[in-house]
Each structure stands twice: as structure tokens, then as C-alpha cells.
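Enquirer: Right, I'll just put the structure down here and ask away after.
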Amino acid sequence: MSKVLIIEDEESIRRLMRYDLQSVGYEVDSASDGEAGLELALSNTYEVILIDWMLPKKDGLSIIRDLRSNKIKSILIMITAKDEEADILESFEAGADDYIIKPFSPRQLQARIKAHMRRLPSTTSTILKLGNLSIDRGLYEVFLDDELVSLTKKEYELFLYLIENKNHVLSREQILNEIWNFDYDGDTRIVDVHIFKLRNKLESSSFTIDSIRGIGYVLKICAD
Ligand code: CA
């Protein structure tokens, strides 16, 4: 059974989310403040963690940063009433996989969780070797010259998508649709931010991710 953690201080919302998710078969834990939530998230394995931004003791953004720096690979969904673009981009930068603006319907929440779940890797691990890179598709891990490269889930998905389409130019819209599913008002800067991070993290790899002006990106294998 898939486990979900809800970190939300408003009791009515927390209860409602818990009830909705349990009714569709998830095992649900919940916490009402940031510190308790972080502790649960670090000591258990959850497929999905739903995190309210404004929380007592520790805010959602710091929780996401802490979880990512502790190599927690759960799907992290920020839930908040903040809908400024800067806030949305900031939470992606911190390592969130998705963002839901309050108020939201239970069906929207369930649909998003389901969409993310479909992307979870299967438990059988398959190693893909490409130049000085090896990719463990089961464990979500990428090694560069045998060193583990720390990628967020979105960076990893984006990287695999680029590899699967190597030497083919992918438009920002294609990437946005494939990796993010949902339409963030068509803001393709999320794609640019993630490409920028991938390039930095995979600098010494035998690939380049080239920008195609006005269109998008292409991953190319460098000649030895
Ligand atoms: Ca709150």
C-alpha cells in the first residue's frame, strides 16, 4: 500500500485530506506542525509527502530543503494559498515536485498524486550505461564516473526523457507536458531552471544539453 504523509496545521483541512486519501486506498500519516512532520518524513518511507507552506515551528519551504539535503526521494507536493509566480518557482528550486494552490478539490489532489505515482520507478533495478554515466532506473540514481550525482526526482525524470530522445530536439512545451503534466500557466521557465541545474550537476559527463534558440533542448553525445 502506498504511504502518504500530510503536514498541515489546519485541523479541518488535515482531516479532510486524510479522509479523502484513505478512502481511495492510501495509508496516511499526518502531522500538525513542521518539526513533527519533518521527523516523521525522515524516519519513515513515504511515496508522497504533502506539505503546507505556512506551518508552526518550521515552514514548508525549509522542510522541503531539509528533506532534499537528507536525500529523501519522496514526491514532495507543496500546498499553499500563495500563488505568486516567485513563490511557485521558489518551491521548485527548493526541490518540490509539484505545487497545489488552496483551495483545491479532493479530486484534483487525488489526480495529481496518481499522476506522480505512475512515474515511480519499478522495484526491479535496471542499470543503463552511457559513456561515463550509469543510471540505475530502479533506484533513481545517476552515477558519473562512479560518483553518485544527487538529482531531484524532476531532474532525474527530465534527464531520462532527454536521454530517451537523444539527438532529437524537444520543445519546452513538450518537456513541460511530459515531465510536469499540468499546465503552470504555460510557464516554461521551470524547464529552463531544471536544465540549468542538470547541466551543472552533469558537467563532466560525455553529454551536452544544447539550447536550440526559440525551440528547446537537445541532448547530444560528445565524440571521444
Ligand atoms: Ca497553514
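The values are calculated or read from the model by the stated rules, or taken from the named source; none is laboratory data. Predicted, not measured: the structure shown is a model, and the values here were computed from it. Reconstructed Cβ throughout: ideal geometry from the backbone, glycine too, with neighbour counts over all protein chains shown. Note: areas computed on protein heavy atoms with side chains; ligands, DNA, RNA excluded. Shrake-Rupley method; radii C 1.70, N 1.55, O 1.52, S 1.80 Å.
Enquirer: If you take the residues of segment 19-36 that are away from the ligand (no atom under 16 Å from the Cβ) and at pLDDT 95 or above, which of them is most open to solvent (accessible area, probe 1.4 Å)?
Expert: By that ranking, first place goes to Asp29.
Enquirer: Okay, next question. Say we look at segment 42-57 and pick out the residues that are closer than 21 Å to Ser12 by Cβ and of a type in the set (D, E, K, R); which of these is surrounded by the fewest Cβ atoms within 10 Å (Cβ to Cβ)?
Expert: By that ranking, first place goes to Lys57.
Enquirer: State whether one or more residues within segment 37-50 are within 14 Å of the ligand (Cβ to nearest atom) and either out of contact with any Leu (no Cβ under 8 Å at 6 or more places or on another chain) or part of a strand (DSSP E or B) (or both).
Expert: Yes.
Enquirer: Within the set of pairs 6+ apart or on separate chains, which have a first residue in segment 3-28 that is closer than 16 Å to Lys58 by Cβ, a second that is among the aromatic types (Phe, Trp, Tyr) and more than 15 Å from the ligand (Cβ to nearest atom), and C-beta atoms under 8 Å apart?
Expert: Note: pairs meeting the criteria are Leu5/Tyr46.
Enquirer: Just need a number here: residues in segment 1-12 that are under 21 Å from Ser91 (Cα atoms) and within 14 Å of the ligand (Cβ to nearest atom). Even if it seems obvious, please write down each step before you answer.
Expert: Our first condition is that a residue be under 21 Å from Ser91 (Cα atoms); within segment 1-12, this holds for 4-10.
Checking which are within 14 Å of the ligand (Cβ to nearest atom) leaves us with 6-10.
Number satisfying all stated conditions: 5.
Enquirer: Which one is nearest to Arg112 (Cα to Cα), of the residues in segment 51-75 that are in contact (Cβ under 8 Å) with a residue 40 or more places away in the chain and within 16 Å of the ligand (Cβ to nearest atom)?
Expert: Ile51
Enquirer: Quick check on this structure: which one of Glu8, Glu39 is on the phi < 0 side of the Ramachandran plot, at pLDDT 95 or above, surrounded by 14 or more Cβ atoms within 10 Å (Cβ to Cβ) and of a type outside the set (S, T, N, Q)?
Expert: Of the residues listed, the single one that is on the phi < 0 side of the Ramachandran plot, at pLDDT 95 or above, surrounded by 14 or more Cβ atoms within 10 Å (Cβ to Cβ) and of a type outside the set (S, T, N, Q) is Glu8.
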